[in-house]
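Colleague: Below: one structure in structure tokens.
The values are calculated or read from the model by the stated rules, or taken from the named source; none is laboratory data. Being a predicted model, the structure only gives us computed values, none of them experimental. With ideal geometry, Cβ positions are generated from the backbone for all residues, glycine too; neighbour counts draw on all protein chains shown.
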């Protein structure tokens with residue numbers, strides 16, 4: 001295919017998907033890269049939160065075990 005034909009097809013598809021129709025159901029293809037980047041950022045943030053929760057649970061479990069051991073040793 002010729003580059004000009006490819007460009008015309010791309011423009012036609014972008015116009016068709018980006019056009020606002022009366023029922024407000026349309027796909028704005030110009031925003032797809034932004035949406036993908038947002039999903040990637042959300043995934044990274046969730047992994048960080050998951051890591052923090054894991055360490056918090058480990059600290060709580062260690063504190064409970066230490067308290068139980070201390071209680072056993074004192075008696």
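Colleague: Residue 23 is checked against (1) modelled with pLDDT of 85 or more; (2) part of a loop (DSSP other than H, G, I, E, B) and fails just one. What number does that condition carry?
Modeller: (1)
Colleague: Consider only pairs whose beta carbons are under 9 Å apart and that are at least six residues apart or on different chains; among these, list those whose first residue lies in region 7-26 and is at positive phi and exposed (fewer than 10 other Cβ atoms within 10 Å of the Cβ) and whose second residue is assigned to a loop (DSSP other than H, G, I, E, B) and modelled with pLDDT of 60 or more.
Modeller: Every condition considered, no pair remains.
Colleague: Any residue in region 40-53 that is at pLDDT below 80, surrounded by 10 or more Cβ atoms within 10 Å (Cβ to Cβ) and under 25 Å from the mean Cα position of the chain (by Cα)? So that I can check it myself, show each step before the final result.
Modeller: If we filter region 40-53 for residues that are at pLDDT below 80, which is where we start, we get none.
Looking through region 40-53, none of the residues is at pLDDT below 80, surrounded by 10 or more Cβ atoms within 10 Å (Cβ to Cβ) and under 25 Å from the mean Cα position of the chain (by Cα).
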